């Protein structure tokens, strides 16, 4: 394994990489925190909308169908728990062209003993008119509900919910975090069958799901490193994966675990922000996919692309530049040494481009969450970000 430590003076990036070109549209500049984002068609007009988990409300913004036009805001649910909201997941599960939505609330990371005071999971039942309030159906939950996404598992779908801490944890010590998959039932007001995904990690800040053909896998980052799971024979099973078993936990030597984690290039590597709420963007090559390579790899590379963030809290991967390979976009929420917050783009192969490529800093973005989607159907991935201290939701339109 080759490890590359690159806490160096900034250098000019490789010339052949196209410069990112993004223009900003302000969707909302009066949010409260902007904990989490999701993208999907809420009203069935075949245009992706923006969904937001704000401090006390869950809202969606209707895609107007043209750049520059206002995105009307509609409240789905509010004040579901005395504590803050924290996450949202949206996906079309029944093929009707409209997303099903689940949300997480009860956010209190300091309360790990009492699930009536910490954590909450709800399924939002759709009304006839999606611009009206949605019915919140409470589901069982662990303490410190933190992240959720829908995953296809065979012919069914599951809502994967990852808490931050295990029950009774103190400083990341105690029982492991119990990650559950909630099987979406025909009767959403009835019982939901749950599948235990994992209970071996602590301080599980985020995770990634992928669906490679008929195979579904996920990777969870935590205090101890990462685990990779695959849906096989009706259960979540630990993947016998060389790349995962050799994952370098903390290049910094810190013990705060992974903050964010994503695959790029269909599993040829993973990108992560370390430590939790950290300043490091790290990449690792390997095979993070259901299909195993024919032979073991000995050329795994671990690279630190930058250490210039402060409270790194958002990470997406995709081909934003049209090069045929994925790039990495990171967002951080507190001013760094230069007094900046915002988004930066990195090319995994450019291991000497410490500053990264500026996306667009014309509007401040203290990034709490980040999504990538083609919002206008032009075949180019746009970026959608929510800002915690800047109290805004922005679209970064891809102009390449």
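The values are calculated or read from the model by the stated rules, or taken from the named source; none is laboratory data. Given the structure is predicted, the values throughout are model-derived calculations rather than measurements. Backbone-built Cβ (ideal geometry, glycine too); neighbour counts: all protein chains shown.
Here are the criteria: (1) touching a strand residue (DSSP E or B) at 6+ places or on another chain (Cβ under 8 Å); (2) crowded, with 19+ Cβ neighbours inside 10 Å. Tell me which single one residue 172 does not satisfy.
Single failed check for residue 172: (1).
Exactly one of (1) outside any loop (DSSP other than H, G, I, E, B); (2) farther than 27 Å from residue 268 by Cα; (3) over 16 Å from the mean Cα position of the chain (by Cα) is unmet by residue 363. Its number?
The one condition residue 363 does not meet is (1).
Filter the stretch 42-60 for residues that are over 13 Å from residue 385 (Cα atoms) and touching a strand residue (DSSP E or B) at 6+ places or on another chain (Cβ under 6 Å) and give the result.
42, 48, 49, 55, 56, 57, 58, 59, 60
Identify all residues within the stretch 177-199 that are assigned to a loop (DSSP other than H, G, I, E, B), touching a strand residue (DSSP E or B) at 6+ places or on another chain (Cβ under 8 Å) and more than 13 Å from residue 141 (Cα to Cα); write none if there are none.
The answer is 184, 188, 189, 199.
If the requirement is being farther than 24 Å from residue 283 by Cα, within 17 Å of the chain's Cα centre (by Cα) and surrounded by fewer than 22 Cβ atoms within 10 Å (Cβ to Cβ), which of these qualifies: 374, 378?
Going through 374, 378 in turn, just one is farther than 24 Å from residue 283 by Cα, within 17 Å of the chain's Cα centre (by Cα) and surrounded by fewer than 22 Cβ atoms within 10 Å (Cβ to Cβ): 374.
Among 165, 195, 141, which is the only one that is buried (at least 20 other Cβ atoms within 10 Å of the Cβ), over 17 Å from the mean Cα position of the chain (by Cα) and more than 21 Å from residue 260 (Cβ to Cβ)?
Only one candidate qualifies: 141.
Select from the stretch 347-365 the residues that are within 15 Å of residue 307 (Cα to Cα) and surrounded by 24 or more Cβ atoms within 10 Å (Cβ to Cβ) and list them in ascending order.
Result: 356, single match.
Whether any residue in the stretch 240-260 is more than 15 Å from the chain's Cα centre (by Cα), outside any strand (DSSP E or B), surrounded by fewer than 23 Cβ atoms within 10 Å (Cβ to Cβ) and at pLDDT 80 or above is what I want to check.
There is no residue in the stretch 240-260 that is more than 15 Å from the chain's Cα centre (by Cα), outside any strand (DSSP E or B), surrounded by fewer than 23 Cβ atoms within 10 Å (Cβ to Cβ) and at pLDDT 80 or above.
Find the residue count for the stretch 329-348, including only residues that are in a loop (DSSP other than H, G, I, E, B) and touching a residue at least 40 places away in the same chain (Cβ under 8 Å).
6
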